[in-house]
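Asker: One structure coming up, written as C-alpha cells, with questions to follow.
The values are calculated or read from the model by the stated rules, or taken from the named source; none is laboratory data. Please read these numbers as outputs of a predicted model, since none were measured by experiment. Cβ atoms come from the backbone with ideal geometry, glycine included; neighbour counts cover every protein chain shown. Side chains included, ligands, DNA and RNA excluded: accessible areas come from the protein's heavy atoms. Shrake-Rupley method; radii C 1.70, N 1.55, O 1.52, S 1.80 Å.
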Amino acid sequence: MFRTRALMRSLAPLGDRVLVKRAQKEVQTAAGIYLPTDSTKDPNEGTVVSVGPGERDVAGNLHATTLKAGDTVLLPEYGGTKVKIEDEEVFLFRESDILGKFE
C-alpha cells in the first residue's frame, strides 16, 4: 500500500492535467440493503491526488490550475484516461473536463 502511494506521488501530471482517484462504489443503501457490485455504477466524485503546473497561452504566460491535491471534485460520467498502478486505478483529466469542486 505504501509503495502505491509513493508511485502515485512520483507520477506528476503535465500541463493542465489532474490526477484523480474516484470514490469507492456504494455497496449498501441507507436502509442497509446490499447492492450487487455489477449493478452499481462508478461514482461521479473523486479526490485530487496531484495536479500539473498549468497551461501556457500563446504568449507563453503560465495559467496555474485552480485545483490542489486533496480537493473533492465532481467528475463527468465518461472520460479521463485510466492509469493502473499496481492494484489501484487513478484517472487523468484535463482541468476543463472536471465539472466542479466541492467546498
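Asker: I'm trying to understand the selection: among the residues of the range 28-86, which are of a type in the set (Gly, Ala, Ser), open to solvent by less than 80 Å² (accessible area, probe 1.4 Å) and closer than 22 Å to PHE102 by Cβ?
Answerer: Scanning the range 28-86 gives GLY46, SER50, GLY52, GLY54, ALA64, ALA69, GLY70, GLY79, GLY80.
Asker: For GLY79, which of the numbered conditions (1) at pLDDT below 90; (2) of a type in the set (Gly, Ala, Ser); (3) in contact with a Pro (Cβ under 8 Å, 6 or more places away or on another chain) fails to hold?
Answerer: Every listed condition holds for GLY79 apart from (3).
Asker: Taking the range 74-87 only, how many residues are more than 14 Å from ASP42 (Cβ to Cβ), in contact (Cβ under 8 Å) with a residue 40 or more places away in the chain and touching a strand residue (DSSP E or B) at 6+ places or on another chain (Cβ under 7 Å)?
Answerer: First, the residues of the range 74-87 that are more than 14 Å from ASP42 (Cβ to Cβ): 81, 83-87.
Within this subset, residues satisfying the condition of being in contact (Cβ under 8 Å) with a residue 40 or more places away in the chain are 83, 85-87.
With touching a strand residue (DSSP E or B) at 6+ places or on another chain (Cβ under 7 Å) added as a condition, the list becomes 83.
Going through the range 74-87 one residue at a time, the tally reaches 1.
Asker: OK, next. Restricted to the range 1-27, and to residues that are touching a Pro at 6+ places or on another chain (Cβ under 8 Å) and open to solvent by less than 50 Å² (accessible area, probe 1.4 Å), which residue is modelled with the highest pLDDT?
Answerer: Here the residue is LEU19.
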